[in-house]
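A quick write-up on the structure given underneath.
Here, each number is a calculation from the coordinates, and none is a lab measurement. Here the structure is a predicted model, which means the values were calculated and not measured. Using ideal geometry, Cβ is built from the backbone for each residue, glycine included, and neighbour counts are taken over all protein chains shown.
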Amino acid sequence: MENNKKRGAANAAGRPGEYEMLDRNMTNPYTNPSAPPMAQPPHYDNLNTVNVSRSDLEVLETTAPAEPYNYDMYSGYHHNPAEHAAPYPSEHAAPYHADAGAGYFQHDGQYVQPAAGQYHQEYANSGYMEPGMGQPSKPLPLPTPQTLTLHEAYSIPSTPIMSDDGGPSGKEGKSTPAIKFDPRIMPDPDPAVASLYDVQQAPPPGARNYKRYQSQRRRKLKAVELTSGNLVLDSPVPTSVLEKGKFSDAKEFTHVRYTPVTSDANEFMNQKYTLRPTLLGRQTEIFIVLTMYNEDEILFNRTFTAVMKNIAHLCSRTNSRTWGPNSWEKIVVCIVADGMTKVDERVLAVLGVLGVYQEGIMQKTVNGDEVVTHLFEYTVQTGMDTNMNFIGHQQGMPPVQVLFCLKTKNAKKINSHRWFFNAFSEVLQPNICVLIDVGTKPTGTSIYHLWKSFDHDERVAGACGEIAADLGKGCKHVFLNPLVAAQNFEYKISNILDKPLESVFGYISVLPGAFSAYRYAALKNTSKDTGPLAEYFKGELMHTDGTDSTIFQANMYLAEDRILCFELVAKRRCNYILRYVKAAKAVTDVPDNLAELISQRRRWLNGSFFAAFYAIVHWYRMIGTSHSLYRRLMLTIELIYQSISMIFSWFAIANFYLAYFFLEQNVKTIYDSQKTDDPISKNSDPFHGAGYIVMEIFRELYILALVMQFVLSLGNRPQGTKAIYRLSVLLFTIIMIIITYVAMYGVVYTAVHTNYDNGVDGLLKEEKFRDIIISMAATYGLYLISSLLYFEPWHMFTSFIQYMLWLPSSINILMVYAFCNTHDVSWGTKGDTAIASSLGHAKIEKKDGKEVAHVDIATDAEDANKDYEAFIVELKSPKPPASTKRDAATKREDQNKIFRTTLVLAWMCSNMVLAMVISSEWFADATTGDDTTGSHNEYLSFIFWSVAGLAAFRFIGSVWYRLRFMFHD
């Protein structure tokens, strides 16, 4: 009793105290004396050491209260049945709480649960209303201090002994050999745990027994959490965050929940980590993931605000069976940052002012185990637009359940998706998973339209919407940047012709990772290492040492989303299909400079080519599906279509060159006829007699530029050879202008000079005219007609010309660079293995024969407000210009490569130019003179006489040497 009173006084004074944490097998509480405070880290002014009784071993200690205290059903609000509930107080003595999954008690009634019905009806929170808070609470079984015998601790593989400062001491405790981890293999779930997260047997939300089901499920999940042994900290959010929100009477609004995760994503559920929505008994209908790397706060705000508007739209659908005013409870938004040192600091500042992120509670290690992921959970009530203005309930925004996953290391986007699917989705068991890249902005109803496609047809396993290029305000990027305009045309034609065609067949070759959705039940594996997700995450192995994957597989998994699409349609004994939803639209940034575009398309082209080849070779797997005969026939037709398209893609360079070559031959016919007795009119020559010379010169320059691309692509970064690539694009653009001009001139000349006495039959009998007209009409004419059918013709007027001029560059530059760099299977970003060293350590040490965990956290509530103010100051300050300069080593390497490339190109080009000029017919005509036989060649004579002269010169020197030394001797 006395110990408890002293400890309560210590906490009230802001001094170190002990908070209860429960072990996985613990059933009885016991006490432990207070420990002396640790040294304060320098990076926080008011930082105290809290000795948290927790264990990842077997049994921990706890403190029994001096009076009958009750556990709250969620996270330890003090509940005294004799007292009425009161709203959450803004000031309190011990604001941070540590628990073993959330259960802990409070002294002196510091926190009390809110009274039922305090939520506004518009956003009623069933997790806190009936039957949640009216449930009988679980009392601590012993009112007096008790001590339990400590069990034998488990040995933890490769766990370092902790030094005095909380870091590894360099000594190794008991360890077992490390086992190579396979991201494809999901462990067998603990049946007792997995059954708690299985919502398939749940009654409908409107059923009479639905509230009883929620209450029973929360009780069972609470039992798991109270025995999980995982470190969880609940920290109050800054006062300003609460003031901007609509609700402040529930812990999901007043506290951010922090969990330092030390396990791999595949072990997340089996290690009994929990998430707040499951503790509140909520079923997740839509689970949205926002993946980011180093995007800035403008791109993040654009995406997050767009997602909030989509959730608001779902809440506004009052006549829906699924959606309504409380629909935000059915949606969870997961933000995954790929690497602590890679994420933009201003993005963290935005998350901080929204209440999601707090640095002061983060831990580097827990019990000697390195923290893999920092997990923050908070229900935000505000957002920020791209002008850094707050938006909230005044603008009609509902609360949003946010799960922020901050990975300690950069492990690529596919690893972020593994945390989303294999860790968090396993716990939440959502119906639909939506994938969005930060920087992508879905329109206000896009997520609803994607969800509706799944709701209408249970066969739909995946869906995507229209990805549109961001054209800027007033479409200024289209008019100012030809690259953006060309990409805009590509995106539009793909969304008008390609995606609808594939959707009709039932198999879309790629659902873009920037904006797509999947049915989670369809993604699940059929066994440990077999199924769509297992094949999808095989791509993570491509970037690990010691992998036995081939270069073909490594390139194939540059487009792992294509592999996932094929695996869904080809899933054994299933009849899943993929759909394109035109009404779901999202805007995304596209590369606005040549070097960035070349690097991006290297990944796209190589990944799509090898993935398409994989799908064609493995098409036989469709036999093992449950697709109908009609669907299999449609899929077979699509297989034939994709095979033909792949063949044309393989020979694209040759076909483009031959198109130029045959147009040149037509002009050459006119040129040659001038030497005959029946010459063709020079008016038929596009260049009035000089056409053959012009086209021959540019044909040779074309060959020269093409060879140049191979030299540039072998070992040079596009960022280091920008000038040469720009010159190449200019040359290919001129060639495209010549091709277009010659073809159109020939069509118009033929049409004007054709005899129409027999109608148009005479015109159609002209093969050259007929072939060109049919080809152009079938391509560009259908572009226009299909665009008009979709009521989106504007790209034909704003971007068509830029696309046409860019077309030869996309074939001859992008494809050459892609195939010449098939050995490069990276995503163009370097992995980051550094971990922030300023974080705290949850350290285990012996005290009175028991294991006690020490956690360094800020225990003053003012710290949260100070951090908030610091975040506001950072966001208001002008953003420093991003440095685009290369580091010294990279710059020196680029300079060396440029010198090598320049030397090789000068040597190669000079030789090729000489050979092409001397071998050309127009040079021969100019040098042969009156010799009509062509047997004499002035240059050949020059070579012969030069060889003879050089040999004679060498002979004279040799004789001179011999005579000189003969007489000298």
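What ³J(HN,Hα) values, in whole Hz, does the Karplus curve 6.51 cos²θ - 1.76 cosθ + 1.60 give for the stretch 332-341 when θ = phi - 60°, with x put for Gly and Pro?
Working through the residues one at a time gives 10, 10, 9, 9, 10, 9, 8, x, 5, 7 Hz.
Quick one: length gained pulling Arg770 to Phe710 fully straight, 0.36 nm per residue minus the C-alpha distance?
Between Arg770 and Phe710, full extension yields an extra 18.0 nm.
For Val694, Val438, what's the fewest-to-most ordering of other Cβ within 10 Å of each Cβ?
Val694, Val438
Can you work out the FRET efficiency for the pair Lys675 and Asn319, with r the C-beta to C-beta distance and R0 = 60 Å, to the nearest 0.05?
The value I calculate is 0.15.
Quick one: what are the phi-derived ³J(HN,Hα) couplings along the stretch 735-745, Karplus 6.51/-1.76/1.60 with θ = phi - 60°, whole Hz, x for glycine and proline?
Those phi angles translate into 5, 5, 4, 5, 4, 5, 5, 5, 5, 5, 4 Hz.
Quick check: pseudo-label points 7 Å beyond the Cα along Cα→Cβ at Thr754 and His823, how many nm apart are they?
Distance between label points: 5.3 nm.
From the Cα gyration tensor of the stretch 232-339, with a ≥ b ≥ c the square roots of its eigenvalues, which class applies: rounded if a/c is under 1.5, or else prolate if a/b is larger than b/c, or else oblate?
Verdict is rounded for the stretch 232-339.
Would you mind checking the pairs Lys412/Lys571; Lys309/Lys441; Lys244/Lys364; Lys409/Lys538; Lys407/Lys524 and listing those with alpha carbons more than 21 angstrom apart?
Lys412/Lys571; Lys244/Lys364; Lys407/Lys524
Hey, rough spin-label estimate for Ile943 and Leu875, points 7 angstrom out along Cα→Cβ, what's it come to in nanometres?
7.3
I'd like the FRET efficiency for Thr386 and Glu243, computed as 1/(1 + (r/R0)^6) with the beta carbon distance as r and R0 of 25 Å, rounded to 0.05.
Step by step, r from the Cβ atoms, then E = 0.60.
5 Å is the cut-off here: which amide hydrogens, built 1.01 Å from N in the peptide plane, fall below it relative to His255, excluding neighbours closer than 5 in sequence?
Here the answer is Val237, since their amide H atoms fall under 5 Å of that of His255.
Fully extended, how many nm does the chain gain between Phe648 and Ser958 (0.36 nm per residue separation, minus their Cα-Cα distance)?
Extra length from Phe648 to Ser958 when fully extended: 105.6 nm.
Taking R0 as 25 Å, what's the FRET efficiency between Leu633 and Trp794 from their Cβ-Cβ distance, rounded to 0.05?
Once rounded, the FRET efficiency stands at 0.10.
Tell me whether the stretch 460-503 comes out rounded, prolate or oblate; compute the Cα gyration tensor, take square roots of the eigenvalues as a ≥ b ≥ c, and use a/c under 1.5 as the rounded threshold.
It comes out prolate by the Cα gyration axes.
Let me make sure I get this right: for the stretch 381-428, a, b and c are the square roots of the gyration tensor eigenvalues over alpha carbons, sorted descending. Under 1.5 in a/c it's rounded, otherwise prolate if a/b > b/c, else oblate. Which is it?
oblate
In nm, give the distance between the simple-model label positions of Phe923 and Ile801, each being 7 Å from the Cα along the Cα-to-Cβ direction.
3.7
Can you give the extra length, in nm with one decimal, that the chain gains between Leu727 and Thr740 once fully stretched, where that is 0.36 nm per residue apart less the Cα-Cα distance?
In short, 2.7 nm is gained.
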